[in-house]
Structure formats: structure tokens, C-alpha cells
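Asker: Structure provided below as C-alpha cells; questions to follow.
The values are calculated or read from the model by the stated rules, or taken from the named source; none is laboratory data. Computed from a predicted structure; not experimentally measured. Note: ideal-geometry Cβ built from the backbone for every residue, glycine included; neighbour counts use all protein chains shown. Quick note on the areas: whole protein, heavy atoms, side chains included, nothing else; ligands and nucleic acids left out. Shrake-Rupley method; radii C 1.70, N 1.55, O 1.52, S 1.80 Å.
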Amino acid sequence: MPSNTIIKTNAKTSLQNKWSAAISVGAIILSVFCLYIVLLQLILIPITTIFNEVTALFIVIALSVVFAQLFGMPLLYGALRWFWFTSSDAEVRVSEIFCYLGSGKEYLRALSLSFRIFIRSSAVLFFCFLPSLVVTAISSPTTYSMFNSSMPYWASSVWALGNVLTIFGVVMSFVLLLRYFAAPILMINDPSITPHEALDLSVIITKNANGKTLSFVFSFFGWAVLSLLYLPILFTLPYFLVSYSVFCRFLINHYNRKIATHFGNNF
């Protein structure tokens with residue numbers, strides 16, 4: 001696998017003379033996200049007057065998940081498709097980012113992948129944070145007041161362990177979720193494979209490349225901080241998406257060479 005510098009250099013090269021189109025793709029994604037935030041705020045006003053705070057929060061989270069699954073992720077996959085083919089010097093129209101929303105078959109493929117990633121990610125997060133949740137519940141007076149019981153004297157001293165387990169959960173969940181890093185590109189690159197196969201293949205491809213993937217993701221930390229100023233995100237979002245596409249291409253090629261070498265040595 002090449003260094004992050006080489007990957008980013010290739011990404012910048014692929015965007016030469018295509019920055020206007022790339023910014024347009026990023027602007028569409030950001031506009032849809034901003035529109036969703038506005039609509040959510042409008043919906044939140046009547047919800048908070050009808051339901052209590054906890055119920056309103058649950059409804060908002062549920063609406064966010066439904067929107068992401070039904071519309072947000074298919075649109076994002078369409079943007080990734082544009083950057084994937086652009087990174088290979090192909091000429092792709094900006095309107096192609098709506099390809100997963102304009103075809104019933106492709107929409108179901110995108111929906112299936114995003115739903116599977118959501119389920120697997122939820123399971124990973126649950127099991128990684130379960131120990132910290134249990135310890136936090138044990139050290140919280142609220143837990144005992146719910147059962148009209150007194151809190152044991154030793155329970156208040158385990159809160160530090162809960163913090164350690166929370167950090168452990170963050171690290172482990174991040175590492176485990178990296179296994180699905182290449183799944184969207186695998187589905188985009190090969191229309192013949194199913195979303196389930198794309199996820200399984202992503203786990204195989206990234207098995208021995210977690211360190212490299214982690215290094216690649218953290219190499220954008222500075223750009224992510226810069227994006228908090230809002231305006232730079234018009235440039236940083238296309239840059240990250242095309243870099244992600246280039247990284248996945250190197251990752252796939254590295255795996256293919258490894259398999260070819262393995263089978264070549266066996267004959």
C-alpha cells in the first residue's frame with residue numbers, strides 16, 4: 001500500500017480541471033443536509049409541545065435514522081460513485097449522483113447496504129459499550145432510586161472504571177467498524193455483487209489493513225477541524241471523498257495482487 005501522501009496526491013491529480021463539478025457534487029450533498037436540518041427543526045417545534053423531552057428526543061433520532069436510510073445514504077452513495085469514476089479519469093455527469101434514487105433496482109441495493117451497515121454498526125456499538133453502560137449504571141444513584149433501594153458504599157468508587165471502559169469501547173468500536181470501510185465502493189465498483197457480499201468482502205480486504213486505514217482516516221483530522229468553519233467544507237468534502245475512492249482502489253488492488261501472488265506460488 002502506498003503512503004497517505006501518494007494517495008492524496010493522486011486524489012488531487014484526479015480533480016484537476018474537475019474542481020467545479022466536484023464542488024457542485026459536494027454542494028448538493030451539503031444543501032440536502034442543511035434542508036433536512038431545517039425541516040427537522042420545524043418538526044421538532046410541534047413534537048416538543050405534544051410529547052415530553054425524552055419522547056421528543058427519541059422521535060427526532062428515529063426520524064434522523066429513517067431519513068438517512070431512505071434518502072441520505074443513497075444520495076451519498078451516488079456522490080461516491082461520481083468520485084469513484086472521476087478518480088479513474090472517467091467523464092461522469094454531476095446528475096449521476098442521483099443514480100441510486102432514479103432506479104428502483106439500484107435504490108433497493110443502496111437501501112439494503114445502508115440498512116445492513118446500520119444493523120452491524122449498531123450491534124458493534126452495543127457490545128463495545130455494554131460493559132461501560134453496565135458499570136455506569138451500577139455507580140449511578142438513579143439506578144437504585146428506580147428500584148427504591150439504597151446505593152452500596154462501594155458502587156460510587158467504580159465510576160472511574162466506567163470511564164476506562166468507555167474509552168475502550170470507543171477504540172474497539174472504531175477498529176471494528178473499519179472492517180466495513182470499503183463496502184460502499186465494492187458495491188459501486190461491481191453491480192453484480194450483492195450488498196451482503198460487499199460487506200463480507202470489505203471485511204476480508206481490510207483484515208490486514210486496519211492500521212493503514214486508521215492512519216488514512218486520522219490524516220484528515222486537520223482538514224476536519226478546518227471544515228468546522230463551514231465554508232472550507234465545500235473544498236474539503238470533495239477532497240475527502242475522492243481520496244477515499246483512491247484509497248479504496250489501492251486497497252482493492254493490493255488485495256488482488258496478494259491473492260494472485262498466493263495462488264501463483266501454489267502452482
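Asker: Hey, can you tell me all the residues within region 70-100 that are of a type in the set (S, T, N, Q), crowded, with 16+ Cβ neighbours inside 10 Å and not in a helix (DSSP H, G or I)?
Answerer: Result: SER87, single match.
Asker: Please determine, by comparing only the residues of region 24-35 that are surrounded by fewer than 17 Cβ atoms within 10 Å (Cβ to Cβ) and aliphatic (A, V, I, L, M), which one is farthest from THR86 (Cα to Cα).
Answerer: My answer is LEU35.
Asker: If you don't mind, another one. Hey, among the residues in region 178-192 that are in a loop (DSSP other than H, G, I, E, B) and modelled with pLDDT of 90 or more, which one's least open to solvent (accessible area, probe 1.4 Å)?
Answerer: Only one residue fits best here, namely ALA182.
Asker: I need the full set of residues from region 193-204 which are open to solvent by less than 50 Å² (accessible area, probe 1.4 Å) and under 17 Å from the mean Cα position of the chain (by Cα), in order please.
Answerer: PRO195, ALA198, LEU199, SER202, VAL203
Asker: Right, something else. Between SER243, SER219, which is of a type in the set (Ser, Thr, Tyr), open to solvent by less than 10 Å² (accessible area, probe 1.4 Å) and within 20 Å of THR5 (Cα to Cα)?
Answerer: SER243
Asker: With respect to LEU63, is the statement that it is over 28 Å from THR213 (Cβ atoms), open to solvent by 60 Å² or more (accessible area, probe 1.4 Å) and at pLDDT below 85 true?
Answerer: Yes; evaluated as a whole, the condition is true for this residue.
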